[in-house]
Structures are given as structure tokens and as C-alpha cells.
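Attaching a single structure in C-alpha cells format; questions to follow.
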Amino acid sequence: LFAGSLPAWLHGTLLRNGPGLFSVGETSYNHWFDGMALLHSFTFKDGDVYYRSKYLRGDTYKCNMEANRIVVSEMGTMAYPDPCKNIFSKAFTYLSHIIPDFTDNCVANIIKYGEDYYATSETNYIRKIDPYTLETQEKVDYMKYISVNLITSHPHYDKQGNTYNMGTSIAEKGKTSYTIFKVPPKADDSAKKKLCLKNLEVVCSIPCRSILSPSYYHSFGMTDNYVIFIEQPFKLDILKMATAYFREVNWASCLKFDADDNTLIHLIDRRTQKPVPTKFYTDALVVYHHVNAYEEDGHVVFDIIAYKDSSLYDMFYLANLQEPLQNKKLSSKPSCRRFVLPLQSEKDAAIGNDLVKLKSTTATAVKEKEGSLFCHPEILCEVFLTLTGAELPRINYDFNGKKHRYVYITGVELTPVPTMVMKFDVDTRQILEWKEDNCWPSELVFVPSPNAIEEDDGVVLSVVVCPDPNKAAFLLVLDAKTFKEIARASVDVDIHIDMHGYF
């Protein structure tokens, strides 16, 4: 069913990815992030909308289906051998978990490398997909091209078609480090069908503060000349992870937040491919999503959605999601924070001086000692009205790395499930919102109109799931400027709550 009218210029496909299957046989996953990936798409063509969905049929899916039980471990769910298996099969399974071969249940997002599209999570495996039929294609292992065990699912793209991403190399040659890398838009002229990853280039490698406790991260920031990486005190204990299977605990339990530690902000110069000498610190925080970053008058400015602790992950255990509404309040309310990193030399500045010279922000960077600045952010938007917090920020990606004004975000109230979507004006702090009873909207995706000049000239798209069985799920199309609904396409099938997507 279709209501409203789509802009004549809107052509293309919105790809979405997220967990869609939580039980196999008599076994069930413990955490929402663990569910097996279900891809779906909305294709816009000549004023019509076409819907399609398919499970990602990777090795994890096939093994689970063949066994009719969960046999591949995920971060929040450890899978154990079938009790009917012999002792040799069980022993092999236990040994394989000392250095785990991670799942290829690529459930988090869609990444584009060159002309190819991949379903991705945060392990070293990605799965190529056909963006039109959603068929699952070859399995790709990052480890064949670069030594990284964990990789973000939020890359960056430049105007030349290069894709930038980063991952963690765990205990490689006695070192644990974070590696930023670039994937060119094509392999080479003589091998058009080869993977772009074959020509992968390492941009920079950063030593981890603790060889056995690398920081967890989900995204990073990038401007024309810099990469921003936040090494937060939300860390993965490698020794505990290696023994988790034997201790009958999940890998997620090996992630710990240290509220007494500080957060180190790395600023990497893309031109020299080295970190800048100045060390930037801030208080302990947890961040999953960067909003944007840009350079202004000798400063690097970046916005993030930050928490005071790591309690958000626990909220998504299925047992917690099934609790009554009154028990689901977030203990740490996410806020949009703006950090400013001065690029000018601070050798002549006195200890205790604030080196931020921008008049447009209250963010500070105070000199603690030579070569070290402690950064206090400006809170851009926090709690308002009955709102608990805001997450899943998206911008007009044409403004990525440039000064932006508008952020499109989802809002949550009593549960971690979004109940509204919003347009936030960073300059005026004005918020426009869309909400409807019994509607759970997904992350917004901005699509610019052709030849757009103004930042908010376009539409934003959201897939809306309805917990009311009498109300069909639908694709919501909002005018990005007015934030008014201009169309919706209802789908008479069960649609899952997803994570991220790509237009």
C-alpha cells in the first residue's frame, strides 16, 4: 500500500541489515545483536517502491540450519557441542575456541568497496552480496589482506571512491595495535573482477595502550586532512576472551569499562600518515557512533554520541528487552558532545591555559603539561521533554568532513528501541521530530536531491516497525527540510528492527 507521493528524482535502493532470526531448533540467542542477519531493501523506480528481503546465507547460517541448533558462537551467545557428539569432536571444538574463528554472521551494516557491496559486522569476515537480489556471495577474510582481527562496520568514503576503515590487530608479533587502512575504488585496469582489497593500503598503525586490553570501538571520524580515533576505557580482555569458552561465559563478558581511566583521542595526519605529537585526553566515556568531524581555523572539531558507561550493551540482552517497560530505563543517557582539538603549537602556552580559540563553542582543551591537552566537550543536545536519549546519527554525507548544520537522529524513551526520529539543528539547537503511536523507526538515511545546494535539500528514509499486529510496517519518507511526511509505503510482511543501511 502506498500513500503520498515520492519526488520524481528519487531512484535507487535502500539496503538495510540487522538481526532477524533468534531461535534455531530448541536453541536461542541471548543477545539481540547475535540474531542471524536478515537483509532487506526498498527500491525506488518511476514513483513506485519494491520490497525484498533475504537471510544472509553465510557459513554461520548454513551450519546452524544443518544442525537445527545454534552451533556458531556470537559475542553474547556461546555455542557448545551437541551432547550427542563423541569426545573427540568435543575436544576439537574446545581447542578451536582458544583462538576463536569468528562468525560470518555479518549483521551490522553494508559496506561498499569499489563497486562491490558487503554485509559486515565487526569480525574479520565480510560477505559480498548482490545489492539488487540480496543473494549471498563469496566470503571474504580481511586477514588475507591485512592483519586485523576486529574491524569497524562504519567506514568513510572520499570523493575519489576510496573507502577508509580501521581494525585491531591482536597480539601480532607480540604487539597489539590499531590500523587505519584505505581501499581503492578498483583493483587495477587489467583485473576488473579482482577484489579491491588486494590493493589495500595501510595509512597508519597506532600501538595499543595495553597489549592485552585493546579498546573497543564501533566507528571513527575523518576530515580532509585528519582521522580521529577514540581509544576509550571500554576494553576487551584478551586473556579472558581466550578462556571464555572453558569458563562457560560469553565473549561480551570480557568487555569491561573502567570509569577511573581516561580516554585518549588520537589525531592522525592523513598527509604524513602519522599521529600528531600532541596527546589529547578526556574523561572516561563510551562512544559507538561519530556524527561528523571538520577543520576550522586551526582546530579539528568532531561530534559524537557518548555515554558515561557501557550499560547500553546490557540493555539489548533479550531477557532485558522482555522485561516490563518501567524496568528498562537507561542508566547512562547518551548526549551529543562536541570536542575541539587545537592544531597550533602549545609550547609557549602556560600550564592551565585553554588553547581553543573558536568563539562558536564552549568546548575547551586545557594544557596539562608539555604535549598534553585535556579536552572538555560542549554538550550539544542531551535530555529534552520526556526524551531519554538520541542515537544512530546520520548527516548529509556530502558534508562528511566538512562543517555541518543538521543531524538526523533517532530518539529513545523508556526502552532502547527508538520511538521517534528527529532533525537537530546544531546552530540553533532546534529539534523537529516525527513520531506516531505504536511505531518504532529505524536509523534515518539522508538522500540529497539532484544538484542540491542547501545541506537539507533532499529526503530522509526510515523503516518503521509496528508492534501492533493490526498495523503494517512501512517505509517512511520525510522532507529533509521541513521534516514533514511526504510518503509511506506499507509492507504486509513481518519486518525486523534493523541496525544500519546504505542507499
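So in region 142-167, with the set limited to residues that are open to solvent by less than 30 Å² (accessible area, probe 1.4 Å) and either assigned to a strand (DSSP E or B) or in contact with a helix residue (DSSP H, G or I) (Cβ under 7 Å, 6 or more places away or on another chain) (or both), which one is nearest to Asn396 (Cα to Cα)?
The extreme case among them is His156.
Only one of Thr410, Thr482, Thr419 is out of contact with any strand residue (DSSP E or B) (no Cβ under 6 Å at 6 or more places or on another chain), more than 17 Å from Gly4 (Cα to Cα) and not hydrophobic (A, V, I, L, M, F, W, C); which?
Among Thr410, Thr482, Thr419, only Thr419 is out of contact with any strand residue (DSSP E or B) (no Cβ under 6 Å at 6 or more places or on another chain), more than 17 Å from Gly4 (Cα to Cα) and not hydrophobic (A, V, I, L, M, F, W, C).
Is one or more of the residues making up region 389-400 at pLDDT 95 or above, more than 22 Å from Leu285 (Cβ to Cβ), in a loop (DSSP other than H, G, I, E, B) and open to solvent by 20 Å² or more (accessible area, probe 1.4 Å)?
yes
Within region 61-73, can one find any residue that is within 22 Å of the chain's Cα centre (by Cα), at pLDDT 95 or above and open to solvent by 40 Å² or more (accessible area, probe 1.4 Å)?
No, region 61-73 has no match at all.
Can you name the number of the only condition in (1) surrounded by fewer than 21 Cβ atoms within 10 Å (Cβ to Cβ); (2) closer than 13 Å to Val107 by Cβ that Glu26 fails?
That leaves (2) as the condition not met.
Going by the structure shown, is Tyr113 of a type in the set (Phe, Trp, Tyr), crowded, with 22+ Cβ neighbours inside 10 Å and more than 18 Å from Gly12 (Cβ to Cβ)?
Taking the combined requirement at face value, the residue satisfies it.
Still on this model: Residue check, Ser462 against (1) open to solvent by less than 20 Å² (accessible area, probe 1.4 Å); (2) outside any strand (DSSP E or B), all met but one. Which one?
(2)
Can you tell me which condition Leu380 does not meet? The list is (1) under 19 Å from the mean Cα position of the chain (by Cα); (2) part of a strand (DSSP E or B), and all the others hold.
(1)
Every residue, every condition in (1) crowded, with 18+ Cβ neighbours inside 10 Å; (2) in a loop (DSSP other than H, G, I, E, B); (3) touching a Pro at 6+ places or on another chain (Cβ under 7 Å), yes or no:
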site: Met422; (1), (2), (3): yes, no, no
site: Asn438; (1), (2), (3): no, yes, yes
site: Asp468; (1), (2), (3): no, yes, no
site: Gly501; (1), (2), (3): yes, no, no
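Just for region 116-141: of the residues that are out of contact with any Asp or Glu (no Cβ under 7 Å at 6 or more places or on another chain) and not in a strand (DSSP E or B), which one is surrounded by the most Cβ atoms within 10 Å (Cβ to Cβ)?
Ser121
Determine which single condition Leu38 fails, assuming it passes every other condition in (1) closer than 27 Å to Met241 by Cα; (2) in contact (Cβ under 8 Å) with a residue 40 or more places away in the chain; (3) buried (at least 17 other Cβ atoms within 10 Å of the Cβ).
Looking at each condition in turn, Leu38 falls short on (1).
Taking the condition surrounded by fewer than 20 Cβ atoms within 10 Å (Cβ to Cβ) and in contact (Cβ under 8 Å) with a residue 40 or more places away in the chain, does Asp492 pass?
yes
List the residue pairs whose Cβ atoms are under 7 Å apart, where the first residue sits in region 350-364 and is over 14 Å from Gly298 (Cα atoms), the second is among the aromatic types (Phe, Trp, Tyr) and surrounded by 14 or more Cβ atoms within 10 Å (Cβ to Cβ), and the two are 6 or more positions apart or on different chains.
Ala363/Phe339
Assess whether Met143 counts as being farther than 25 Å from Asn400 by Cβ, in contact (Cβ under 8 Å) with a residue 12 or more places away in the chain and of a type in the set (A, V, I, L, M).
yes
I would also like to ask the following. Would you confirm, using the coordinates I've provided, whether Leu325 is within 21 Å of Thr223 (Cα to Cα) and either open to solvent by less than 70 Å² (accessible area, probe 1.4 Å) or modelled with pLDDT under 95 (or both)?
So Leu325 fails the test.
To continue, here is another question. Cβ-Cβ below 7 Å, separation at least six or inter-chain, first residue in region 281-294 and of a type in the set (D, E, K, R), second buried (at least 20 other Cβ atoms within 10 Å of the Cβ): which pairs?
Asp283/Thr263
Just to be sure I understand, how many residues within region 339-366 are in a loop (DSSP other than H, G, I, E, B), open to solvent by less than 30 Å² (accessible area, probe 1.4 Å) and of a type in the set (Val, Ile, Thr)?
Residues meeting the conditions: 2.
The values are calculated or read from the model by the stated rules, or taken from the named source; none is laboratory data. Note that the structure is a prediction, hence the values are computed from the model and not measured. Neighbour counts are summed over all protein chains in view; Cβ atoms, including those assigned to glycine, are modelled from backbone coordinates with ideal geometry. Keep in mind that these areas ignore ligands, DNA and RNA; they rest on the heavy atoms of the full protein, side chains included. Shrake-Rupley method; radii C 1.70, N 1.55, O 1.52, S 1.80 Å.
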